[in-house]
Structure formats: structure tokens, C-alpha cells
1. For region 125-147, check the following and say yes or no: at least one residue is in a helix (DSSP H, G or I) and farther than 17 Å from residue 202 by Cβ.
2. Please pick out the residue among 398, 373 that is open to solvent by less than 30 Å² (accessible area, probe 1.4 Å), farther than 23 Å from residue 307 by Cβ, assigned to a helix (DSSP H, G or I) and not basic (Lys, Arg).
3. Which residues, taken from region 183-213, are among the aliphatic types (A, V, I, L, M) and without any contact (Cβ under 8 Å) to a residue 40 or more places away in the chain?
4. With the condition kept exactly as written, say whether any residue in region 248-266 is free of Cβ contacts under 8 Å to residues at least 60 places away in the same chain, open to solvent by 60 Å² or more (accessible area, probe 1.4 Å) and under 17 Å from residue 154 (Cβ atoms).
5. Only one residue in 344, 306 is of a type in the set (Ser, Thr, Tyr), modelled with pLDDT under 90 and either open to solvent by 20 Å² or more (accessible area, probe 1.4 Å) or in contact with an Asp or Glu (Cβ under 6 Å, 6 or more places away or on another chain) (or both). Which one?
6. Looking only at region 100-117, which residues are modelled with pLDDT of 90 or more and surrounded by 14 or more Cβ atoms within 10 Å (Cβ to Cβ)?
7. Across region 320-335, what is the total count of residues that are open to solvent by 40 Å² or more (accessible area, probe 1.4 Å) and touching a residue at least 12 places away in the same chain (Cβ under 8 Å)?
8. Against the conditions (1) of a type outside the set (D, E, K, R); (2) at pLDDT 80 or above; (3) touching a Phe, Trp or Tyr at 6+ places or on another chain (Cβ under 8 Å); (4) not in a helix (DSSP H, G or I), where does residue 8 fall short? Just the number, please.
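The values are calculated or read from the model by the stated rules, or taken from the named source; none is laboratory data. Being a predicted model, the structure only gives us computed values, none of them experimental. Every residue, glycine as well, gets a Cβ built from its backbone with ideal geometry; the counts of neighbours run over all protein chains shown. Areas reflect the complete protein model, heavy atoms only, side chains present, ligands, DNA and RNA absent. Shrake-Rupley method; radii C 1.70, N 1.55, O 1.52, S 1.80 Å.
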Amino acid sequence: MRVRRLIGDRAFYKMVLLVAVPIMVQNGITNFVSLLDNIMVGRVGTEQMSGVAIVNQLIFVFNISVFGAISGAGIFGAQYAGCGDYEGVRDTMRFKIVASLVICVLGLGMFLGGGETLIQFYLHDGGDVGDVSRTLAYGKEYLVVMLLQMIPFAVIQIYASTLRENGETMLPMKAGLIAVAVNLIGNYLLIFGKFGFPEMGVVGAAVATVLSRFVECGIVVIWTHRNREKNPFAAGLYRHFTIPKKLTGQIIWKGTPLMVNEILWAAGMATLTQCYSMRGLSAVAALNISNTIANVFNVVFISMGSAISIIIGQLLGAGKMEEAKDTDYKLIAFSVFSCVLIGSAMALVSPLFPRLYATTASVQDLATRLICIAAMCMPLQAFMHAAYFTLRAGGKTIITFVFDSAFVWVVSIPLAYTLSRFTQLPIVYLYLSCQLVEIIKCIIGFALVKKGVWLQNIVAVKM
């Protein structure tokens with residue numbers, strides 16, 4: 001492939017940044033909220049930080065489940081938007097609402113019935129730092145309050161994803177900025193008990209997060225329905241919930257593998273963390289610090305994946321196959337190159353960030369080394385993410401299932417399980433091994449994208 005084919009002109013990058021930057025900012029805001037919680041709780045103590053980290057890993061599985069539930073409909077929504085079919089957009093949004101409601105009910109039932117057991121899976125006394133029983137107690141306190149943010153989170157995802165599919169990326173970003181301010185102020189007041197507010201510790205962090213979710217949800221929903229000239233799909237959205245059977249079948253056919261994939265992938269990430277936790281609470285604490293800063297930097301390739309899904313989805317919906325292929329190559333190259341730069345910046349701050357936490361020097365040193373590994377592997381993650389969203393934009397959800405979650409459960413988890421339980425390999429080398437094995441995914445993704453199996457218009461015929 002010629003290098004020139006991977007480089008766009010000024011107009012191309014302007015178009016990409018107009019789509020990607022607002023998404024990047026909003027995703028950055030979401031992760032910045034977690035960062036604020038994490039640092040402020042980390043200033044309280046190692047057990048508090050570890051308890052919150054474990055619960056956030058579990059909540060992450062729920063969040064990804066919601067994302068997966070609406071992503072199948074989002075494939076159709078982007079292509080309907082590309083051809084100006086707003087009734088199709090409304091129907092896909094109705095499907096998102098129903099699917100998300102089901103996920104919320106299942107998630108609440110699981111956490112209420114087995115939350116303590118799930119937290120305990122991550123608690124192993126390695127005899128190094130931290131108290132397991134105190135960590136469990138803090139985790140339970142935090143989880144109970146965090147359950148209140150599940151429904152507003154789902155509503156935010158439904159509306160924000162539909163707005164993006166229709167080209168509106170600024171409003172979700174602005175709502176997220178306000179949410180960050182609410183969360184930041186709430187954290188300061190409630191975690192540490194400032195200006196007469198009670199000192200609530202981990203519970204205060206959870207309350208602040210819940211408040212920020214409700215504020216963000218309210219802004220996005222109210223703006224969407226008050227600006228129907230900009231959002232034609234909002235007119236009559238709740239008039240009925242009769243989704244065409246053919247469309248429902250198509251979304252389920254295309255979307256179920258995608259949803260199952262997202263859930264299994266998130267569960268796989270939680271399982272990998274559980275394998276790492278076998279090295280004791282010091283590993284849990286260091287991974288929490290590393291993952292928190294990595295998530296902030298990772299918004300670049302995550303947002304580029306969303307941009308690829310939107311831009312390529314609209315081109316495919318308009319039947320512009322050659323343009324979609326050429327654009328996709330440039331988008332992937334831009335994402336990888338960006339993450340070479342971002343990864344380098346992340347490596348530079350790796351010794352500084354862990355010092356913000358009130359934990360031991362050994363945990364801080366371990367976190368620094370894990371951050372460096374994550375920074376080194378970021379370009380690989382960027383390529384895999386871009387390839388995944390390319391395949392998904394063309395409706396190749398069965399292939400994405402095999403490419404993504406099947407790989408995690410067939411390759412990554414068995415490797416982590418074996419190394420964590422049958423060897424004495426230190427956590428640094430255990431983590432590095434599980435990161436580098438994903439080079440195999442890069443090779444598979446390159447072959448699938450180059451072959452062009454994703455080049456198809458899935459809404460050419462009216463549902």
C-alpha cells in the first residue's frame with residue numbers, strides 16, 4: 001500500500017477533526033470524571049482507592065453492555081442518517097431505548113443480588129499492602145450509591161449516540177463539560193467535607209458522580225426535544241414504540257453478535273483484571289492508577305473509532321464504496337500516528353502521575369512501570385480499534401465478534417490465567433505478556449480491512 005494513499009489533504013483532516021474532536025472531548029470528560037474520583041479517593045487511602053477501582057471495573061461491564069445494546073441499532077442509525085431517512089432513525093432510537101431498559105433491569109438485579117460476591121473475586125491478600133476486609137467494606141458502600149447512575153447513564157448513551165449519528169457532536173460535549181464541573185465540585189465538597197458538607201469519603205465520590213450523570217442526562221434530553229428543527233428524528237419519537245418487524249429482525253441479526261461481543265469483551269477485561277489481582281492488593285492499586293491515566297490518553301483512539309464508525313457508515317449508506325475505502329485507510333493511519341505521539345507523552349508523565357496518590361512507594365513505582373507498558377502498546381490498540389470499527393460500520397458483526405471478544409476469551413484470558421496461577425511471574429511481565437499477544441489481532445485486522453469484507457450498504461432496501 002502506497003504511503004501517499006494513507007495521507008489526506010487539509011480538507012480531509014478538517015472533516016475528521018470536526019467529527020472526532022467533540023467526541024474526543026466528551027470521552028475525555030467521561031474519563032476525566034473517573035480520574036477526579038480516583039485521585040481524590042486515592043488521597044484518602046489505598047483500601048478506599050482499591051475498593052472504588054474494583055466497583056468501577058464491575059460498573060464498566062454494565063456500561064459496555066449498554067453500549068453494546070445500542071450499537072447494533074447505531075449501525076442502521078448512521079446509515080439512515082446518511083440517506084436522510086428520519087423515520088428510520090426514530091425506529092432505531094426506539095430500539096435503543098427498549099434494549100437499554102432491559103440491560104438496566106438485568107444489571108440492577110445482578111448488582112443487588114451478588115455485588116459483594118463480585119467484589120470478593122478481586123480481593124487476594126498478597127501480604128504486601130492494604131487490608132482486604134476494609135477494601136470490601138468501602139467497595140460495598142460505593143456500589144450501593146453508584147447503582148443510581150445506571151439509568152441516566154443509559155439515557156445519555158441513547159441520545160448522545162443518536163445525535164452523533166446525525167452529525168451533532170457539540171451538544172453531548174458541552175453537556176459533558178457541565179457534568180465534569182458538577183462532579184469536580186461535588187467530589188471536593190463531599191469526599192473531604194468542605195464548606196460545611198459532611199465528610200463522606202468513597203460515598204461522597206459516588207454521590208457526586210450520580211449528580212453529574214443526572215445533570216448531563218437532563219441537558220442532552222431537553223436540548224434534543226427543544227430543537228426539533230435540528231433534530232427531526234425527535235418529533236414523534238415517543239408517539240409509539242411499534243418498531244417495524246423487519247427492522248427489528250435486522251437489528252437483532254446484526255446487533256446481537258455486537259452486543260454479545262461488547263459484553264463478553266468487557267467481562268473479559270474484568271476477568272483479566274481478576275487474574276492480575278492474584279498478585280495482591282498492590283497489583284490492584286497499581287493497575288487502578290495505570291488504567292486511570294491510560295483511559296484519559298486512550299480517548300484519542302477510542303474517539304477515532306467512533307469517528308470511523310460515523311464517517312464510514314454514512315459513506316456506505318450513500319453507496320460511495322471507493323470513497324469509503326480510501327477514507328478508511330487514511331483514518332486508520334491518522335489514528336495510529338496520533339497514538340504514537342500520545343503514547344510518547346503518556347510515557348513522559350508516567351513517573352509523575354502515581355505521586356498524586358497517598359499510597360506506598362512500591363505501589364507508585366509499580367504503577368509507573370505499568371503506565372510505560374500501556375504507552376508503548378497504544379499504537380497497537382489504535383490499529384485494532386480502528387479495524388474493529390471499520391468492520392462494524394459495514395455490519396460485519398459476526399466477524400467483529402470473532403476478532404474481538406472471542407480472541408480475548410480464547411487467547412488472552414487463558415494466557416493470563418495460566419501465568420497468574422501456575423507461575424511466579426511478576427505482575428509487570430504478566431501484564432506485558434498479555435498486552436503483546438494482541439499483535440496477533442493486528443495481523444488479523446489488517447488482513448480483514450485490506451480484503452474489503454466490510455464494504456456493503458445494509459440499508460439500500462427500505463426496511
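1. No: region 125-147 contains no residue that is in a helix (DSSP H, G or I) and farther than 17 Å from residue 202 by Cβ.
2. 373
3. Across region 183-213, the qualifying residues are 185, 189, 190, 200, 211.
4. No: zero hits.
5. From the options 344, 306, the qualifying one is 306.
6. The answer is 100, 101, 103, 104, 107, 108, 110, 111.
7. Summing the residues that are open to solvent by 40 Å² or more (accessible area, probe 1.4 Å) and touching a residue at least 12 places away in the same chain (Cβ under 8 Å) in region 320-335 gives 4.
8. Result: residue 8 passes all but (2).
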